[in-house]
1. When residues of region 206-223 are filtered for being in contact with a Lys or Arg (Cβ under 9 Å, 6 or more places away or on another chain), touching a residue at least 40 places away in the same chain (Cβ under 8 Å) and within 22 Å of residue 13 (Cα to Cα), how many remain?
2. Looking for something under 18 Å from residue 212 (Cβ atoms), among the hydroxyl-bearing types (Ser, Thr, Tyr) and buried (at least 16 other Cβ atoms within 10 Å of the Cβ) - is there at least one such residue anywhere in region 154-172?
3. Return the residues of region 263-314 that are of a type in the set (Phe, Trp, Tyr) and surrounded by 11 or more Cβ atoms within 10 Å (Cβ to Cβ); say none if nothing qualifies.
4. Name the single residue that is farthest from ligand 1 (Cβ to nearest atom) among those in region 192-205 being in contact with a Lys or Arg (Cβ under 7 Å, 6 or more places away or on another chain) and more than 25 Å from residue 217 (Cα to Cα).
5. So which of 114, 73 is at positive phi and without any contact (Cβ under 8 Å) to a residue 60 or more places away in the chain?
6. Do we find that residue 241 is more than 16 Å from ligand 1 (Cβ to nearest atom), farther than 30 Å from residue 95 by Cβ, touching a residue at least 24 places away in the same chain (Cβ under 8 Å) and among the polar types (S, T, N, Q) in this structure?
7. Kindly indicate the residue of region 193-250 that is touching a strand residue (DSSP E or B) at 6+ places or on another chain (Cβ under 8 Å) and hydrophobic (A, V, I, L, M, F, W, C) and also modelled with the highest pLDDT among those meeting that condition.
8. Might you let me know whether region 116-137 holds any residue that is outside any strand (DSSP E or B), over 19 Å from the mean Cα position of the chain (by Cα), modelled with pLDDT of 95 or more and away from ligand 1 (no atom under 12 Å from the Cβ)?
Amino acid sequence: MTRLDLVLPLYDEAEALEPVLARIRAVLAEIPDLEWRILLVDDGSRDTTAEIAARLAEAEPRVVLIVFTRNFGKEAAILAGLEASRGEVVLVMDADLQHPPELIPQMLALWRGGARVVEGTKRTRGRESPGARLGAYLFYRLFTRFSGLAIQNATDFKLLDRQAVDAYCALPERNRFFRGLIPWLGLPTAQVPFDVPPRSHGSPSWSRLRLGRLAVDALSAFTSAPLQVITLVGGLVFLTSLILGGIALYQKFAGIAVSGFTTVILLLLLLGSALMFSLGVLGTYVARIYEEVKGRPCYLVDRERSRGIGGDGY
Ligand code: UDP
Ligand code: MG
């Protein structure tokens, strides 16, 4: 018997929840020798997701519900699900049917074949605006370049062996990037490419700003290269100003000066912008240190509204 836990982070998925579970059930029913649980993590939804999920969890012990006291973000929801899981294999998937449950048998087969991590990778990116596409392209190029981890087509649709789950949960950091940290573990990995279907309903809950922040977080979590780039830029700017300064001095002593006003302005602008930029980057890292040092938990569970945590509901 294989025990499989499915982790579904939920944020305002009231409409999707029941159809998604029905589809997952249909797939799981076909797999022999499988005991499964579904761990629903309600990430502070503003709609009736938690109520619907509670009904489902009460009707069936195999459905467990963890309710957050507020919206802590998808990363926290994934972590909560992984921490509550006990199966020897755990699957993390979105609840908007963008991660087709029909791939589960194939993923399980690869896991049985020895892969400790089986990741669903995007063959196509689904429908997206050119802006979003460019943003994603730039982010993944930068991330791969600096972290040395290739995650271009990676998704959060991942099947994890117990070893991977335990390693992930044991990581001390608070600010997590699931998609980057799992490859970082370096466990034997297999890939299952799939086409991302459009969302089953509603719109993605990530604003441009939030995605941008996620990108900065992810990059600064995996590389301190920007800090080194700054030192380099600082050095170059300093060299330039030395040369310009030399020229200005020469002109002054040669008696052909005064026209140096432009140089001054240029220097000011250059230095000013370089300084501001570096302060911004420094700030990013200081902020990270601050986040980690505070040591706050990644999420808080609303005990009263949750169902079946800690029980053995397979
Ligand atoms: N989600 C979450 N907390 C959030 C935002 C999203 O748990 O703050 C969940 C959401 O319910 C869904 C998954 O994360 O199951 C992916 O969200 P979405 O489809 O909005 O993102 P995308 O498909 O663009 O990655
Ligand atoms: Mg989605």
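1. Residues in region 206-223 being in contact with a Lys or Arg (Cβ under 9 Å, 6 or more places away or on another chain), touching a residue at least 40 places away in the same chain (Cβ under 8 Å) and within 22 Å of residue 13 (Cα to Cα): 0 in total.
2. Scanning region 154-172 turns up no residue that is under 18 Å from residue 212 (Cβ atoms), among the hydroxyl-bearing types (Ser, Thr, Tyr) and buried (at least 16 other Cβ atoms within 10 Å of the Cβ).
3. Kept after step one, since they are of a type in the set (Phe, Trp, Tyr), are these residues of region 263-314: 277, 285, 290, 299, 314.
277, 285, 299, 314, listed by residue number.
4. So the residue we want is 193.
5. That would be 73, the only listed residue that is at positive phi and without any contact (Cβ under 8 Å) to a residue 60 or more places away in the chain.
6. On the way: more than 16 Å from ligand 1 (Cβ to nearest atom): yes; farther than 30 Å from residue 95 by Cβ: yes; touching a residue at least 24 places away in the same chain (Cβ under 8 Å): yes; among the polar types (S, T, N, Q): yes.
In short, yes.
7. 194
8. Yes, because at least one residue in region 116-137 is outside any strand (DSSP E or B), over 19 Å from the mean Cα position of the chain (by Cα), modelled with pLDDT of 95 or more and away from ligand 1 (no atom under 12 Å from the Cβ).
The values are calculated or read from the model by the stated rules, or taken from the named source; none is laboratory data. The structure displayed is predicted, hence computed values, not measured ones. Cβ: placed from backbone, ideal geometry, glycine included. Neighbour counts: every protein chain shown.
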